[in-house]
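J.: Take this structure first; my questions come after.
The values are calculated or read from the model by the stated rules, or taken from the named source; none is laboratory data. What you are looking at is a predicted structure, and each value in this text was computed from that prediction instead of being measured. Every residue, glycine as well, gets a Cβ built from its backbone with ideal geometry; the counts of neighbours run over all protein chains shown.
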Amino acid sequence: MGTTFEQIYDLALITIRDYKIDNWAKNQYNVFLQYMQGILIRAIPKFTNCLQNLDYTQDPTTNVYYFINTLTPLEQSILADLMVEIWFFSDINDIVQINVQLQGRDKKTNSIDANLKQKSEYYDRIKEKISQSMSDYQLSGDNFAKVLGDMYE
């Protein structure tokens, strides 16, 4: 068995702080697993330059999802960061929905606008960090030789 989805969830949850997710993990573990699985499945295609196959399957006896390959710690970390990006984007979308519903120009609306702007800027920094991590990954050590070899085949 390769790297389990739960190993990636654990890495992502080092960064993600969300009372709903924490509550599901404690009280409705199946809901927690389903939610986290959805985020990870959305993250996998974003790791476009992964040098390993990111195909996954489910163990029919334990229902545990896992990657067919054993991922390196760096690959696991990048997938966890991509999960954080997707989770954070959904958080921003919640703020946008609240902002659209508010009317007028009171302090509350201005505060929400400022908060949304800060979150959007932070989201852009998350994306830049992940992009840099993926570039570093692809150009590190043996990976660089493999990339060059693939280019000249």
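J.: For a quick check of your reading: which helices (runs of 4 or more DSSP H) sit entirely within the range 42-153 and have at least 1 residues that are at pLDDT 60 or above, surrounded by 10 or more Cβ atoms within 10 Å (Cβ to Cβ) and on the phi > 0 side of the Ramachandran plot?
T.: Filter on the range 42-153 gives an empty set.
J.: Return yes or no: is Tyr65 within 14 Å of the chain's Cα centre (by Cα) and hydroxyl-bearing (Ser, Thr, Tyr)?
T.: In short, no.
J.: If I ask for residues that are of a type in the set (D, E, K, R) and over 17 Å from the mean Cα position of the chain (by Cα), which ones from the range 21-55 would you list?
T.: Lys26
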